[in-house]
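Below is one structure, written out as structure tokens, with a few remarks after it.
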Amino acid sequence: MIEIDHVCLGVQNVYDGAQRLRDQTGLGNYEGGWFPTMGLANRIVPLGDDTYIEVEGVVDAFQLERKNPTTSWFRDATAAGDVFIGWCARVSSLGELEALAKRLKTDVIEMQIRRRPDGSHPVSRLAPATFACWKQGLPNFFCIDDLGKHPSRQPITTPGLQPQGIDWLELGGSEEEMSDWLGVRASSLNLRFNGKAAGLHAMSVRTEAGERLIRLPTVTDVMASSEGMKS
């Protein structure tokens, strides 16, 4: 079974970005930790239904000086402000992830990605590589062994509304192409399509106080514009 897992919202300043999102939507958050090899850190916004937003930004300027390609790409993506970097899906079992990886002609990746504030550094299982997919406006897929430890189920420290899950995501590209990538009908995940550049353009979150709509530039458009200005 394939479900939406999380959305990445790229910002220039993690703390400012998380606070602005809370001011705009009423959604609370907590400290998510950092990515030692990427120079990034995040705050996590639980959305209910085992889904969440990671508000993410560059925190290690020395990674930029070392020309870390992931750090530099993320910095460039957020140079003009907040942007939807991408989204990730989730499958129910390792067997399902292995079958999906085989269909997409890739490998299952096992790696330690995010170091949590308590110092733990769990192994994540995913396919294909996350940033390679996001650069194409596509999701990748995670397998979560224990949903009890899922980021969406951890307590917030900055209070907010009670969220009730993601209602829909608005994507560019076509429903047919996304269905082929997912291996299921895109409509089964409440995905909508606007025919614009591939990637995430908007999302709707259900809350106790009604819908919260978040609409931002998508990273594929932002990076295409940046490359056009350089050429």
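Remarks
- Test result for L40, farther than 23 Å from V123 by Cβ, surrounded by 17 or more Cβ atoms within 10 Å (Cβ to Cβ), modelled with pLDDT of 95 or more and not aromatic (F, W, Y): no
- Yes/no for G165 being within 24 Å of A18 (Cα to Cα), over 14 Å from the mean Cα position of the chain (by Cα), surrounded by 12 or more Cβ atoms within 10 Å (Cβ to Cβ) and in contact (Cβ under 8 Å) with a residue 24 or more places away in the chain: yes
Here's the yes/no breakdown for (1) open to solvent by 20 Å² or more (accessible area, probe 1.4 Å); (2) of a type outside the set (A, V, I, L, M):
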{"position": "M1", "(1), (2)": "yes, no"}
{"position": "V11", "(1), (2)": "no, no"}
{"position": "D16", "(1), (2)": "yes, yes"}
{"position": "T25", "(1), (2)": "no, yes"}
{"position": "E31", "(1), (2)": "yes, yes"}
{"position": "P46", "(1), (2)": "no, yes"}
{"position": "Q63", "(1), (2)": "yes, yes"}
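For (1) over 14 Å from the mean Cα position of the chain (by Cα); (2) crowded, with 18+ Cβ neighbours inside 10 Å; (3) among the charged types (D, E, K, R), each residue gets a yes or a no:
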{"position": "L21", "(1), (2), (3)": "yes, yes, no"}
{"position": "F74", "(1), (2), (3)": "no, yes, no"}
{"position": "I85", "(1), (2), (3)": "no, yes, no"}
{"position": "G95", "(1), (2), (3)": "yes, no, no"}
{"position": "K102", "(1), (2), (3)": "yes, no, yes"}
{"position": "T106", "(1), (2), (3)": "yes, no, no"}
{"position": "P117", "(1), (2), (3)": "yes, no, no"}
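- Close pairs (6 angstrom Cβ cut-off, 6 or more residues apart or separate chains): at negative phi in segment 139-157, assigned to a helix (DSSP H, G or I) and surrounded by 12 or more Cβ atoms within 10 Å (Cβ to Cβ) anywhere: N140/T130; N140/C133; F141/L100; C143/L94; C143/L97
Quick grid of which residues meet (1) open to solvent by less than 70 Å² (accessible area, probe 1.4 Å); (2) within 22 Å of F131 (Cα to Cα); (3) part of a helix (DSSP H, G or I):
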site	(1), (2), (3)
P155	no, no, no
S188	no, no, yes
H201	yes, yes, no
V205	yes, no, no
G210	yes, no, no
L213	no, no, no
V222	yes, yes, yes
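The values are calculated or read from the model by the stated rules, or taken from the named source; none is laboratory data. What you are looking at is a predicted structure, and each value in this text was computed from that prediction instead of being measured. Here the Cβ is made from the backbone with ideal geometry for all residues, glycine too, and neighbour counts use every protein chain on show. These area figures cover heavy atoms from the full protein model, side chains too; ligands, DNA and RNA do not enter into them. Shrake-Rupley method; radii C 1.70, N 1.55, O 1.52, S 1.80 Å.
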